[in-house]
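Here, each number is a calculation from the coordinates, and none is a lab measurement. No experiment lies behind these values; they were computed from the predicted model shown. Positions of Cβ are generated from backbone atoms using ideal geometry, with glycine treated the same way; all protein chains shown enter the neighbour counts.
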């Protein structure tokens, strides 16, 4: 009898431990996402930082990707300049479950001592694949102040399944150094480090194409904190049931 009880507990208690760890993990994920969402919301709702270059240098000049993300990630910024619609690069991707392209153009902010165009690449938003044949995205505003967030682009390394191929104008990752090379920006020491992503801060005046993300899109998760809370409860009560079953087995069998 003792051997039967011992064998039952030996088989089921490791499962209880695993369920408990899963519950704790889901709880941590829930808390982490709630904190990050609030951090992003606070930054996006702050007064915009003017990132227009002073003396030919952007404020993030000399920073690496981690430093840029830490200091400017999801902070509302504004940049004054001219978007060149003729220099367009499309990066293949999926947005809201739809295949298409993210549209990138150079945003000229100043010229260098040789009177060559300098600036930053701007992610204007997403266009579904069947709408890329239309040119109405050229009708958008191309001069003035543009609001959005500064970001260092997509993570990229040599092991990516489909690497970027600038020579053939095929892009699957938004890498600033690749895109600024295609746009012939002459301040590569800055334009290679980060890009501007346009954000629709006013839901009432959202542009149709390209479709830029809203504040809501940047602060909500596909797997929401509420879903993690549900997972946490499931694993927690599974643990309780396991312990209850062990108790009953030792008492009555």
Check your understanding: How large is the helix-only mean residue ellipticity at 222 nm for the chain, computed as the sum of -39500 (n - 2.57) over DSSP H runs with n ≥ 4, divided by its residue count, in deg cm²/dmol to the nearest 500?
Key -> -12500 deg cm²/dmol
Check your understanding: Working out 0.36 nm times the residue gap between residue 5 and residue 248, then minus their Cα-Cα distance, what length gain in nm do you get to one decimal?
Key -> 86.4 nm
Exercise for review: Answer with a single label: of [x] 14.3; [y] 24.7; [z] 18.8, which was calculated as mean projected area of the Cα convex hull in nm² from the structure in view?
Suggested key: [z]
Point to revise | Whole-Å distance, taken between Cα centres, linking segment 17-36 and segment 104-124 | key: 44 Å
Check your understanding: Under a GNM of the chain (C-alpha, springs under 10 Å), which listed residue has the highest mean-square fluctuation: 193, 28, 137?
Key -> 28
Practice item. Set the Förster distance to 35 Å, then compute FRET efficiency between residue 50 and residue 234 from the Cβ-Cβ distance, nearest 0.05. Key: 0.15
Review point. With the contact rule set at Cα under 8 Å and sequence spacing of 6 or more, what percent relative contact order holds for the chain?
Key: 27 percent
Practice item. Go through 30-37, 104-111 and give me the packing order, highest mean Cβ count within 10 Å leading. Key: 104-111, 30-37
